[in-house]
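The values are calculated or read from the model by the stated rules, or taken from the named source; none is laboratory data. For clarity, every value in this text was computed on a predicted model and none was experimentally measured. FYI the Cβ positions are ideal-geometry reconstructions off the backbone, even for glycines, and counts take in every protein chain you see.
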């Protein structure tokens, strides 16, 4: 399989977070649990407790002490189920 990424990915120890609210094209998701696995300058790979849809634009505040920690991007791929959780790719968009 050919890697189409422009930037090198950084694998990190799995980082578990809970985002109080994620706003998406398909609705608002409350108390979303995520496990961040990989990050790069343009995206990240993570597990989520909700079924984001392919192509869905999402926005959420990174749970930190800083106020300017908005993350936004488009879901580029999704795998999984209600039983296993949803593994997602997010292509980040800076506006």
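Looking across 32, 28, one residue alone is closer than 13 Å to residue 88 by Cβ and either in contact with a strand residue (DSSP E or B) (Cβ under 8 Å, 6 or more places away or on another chain) or modelled with pLDDT of 85 or more (or both). It is 32.
Condition first: within 17 Å of residue 92 (Cα to Cα), at pLDDT 90 or above and out of contact with any helix residue (DSSP H, G or I) (no Cβ under 7 Å at 6 or more places or on another chain). Can you find one or more residues in the range 62-71 that meet it? Looking through the range 62-71, none of the residues is within 17 Å of residue 92 (Cα to Cα), at pLDDT 90 or above and out of contact with any helix residue (DSSP H, G or I) (no Cβ under 7 Å at 6 or more places or on another chain).
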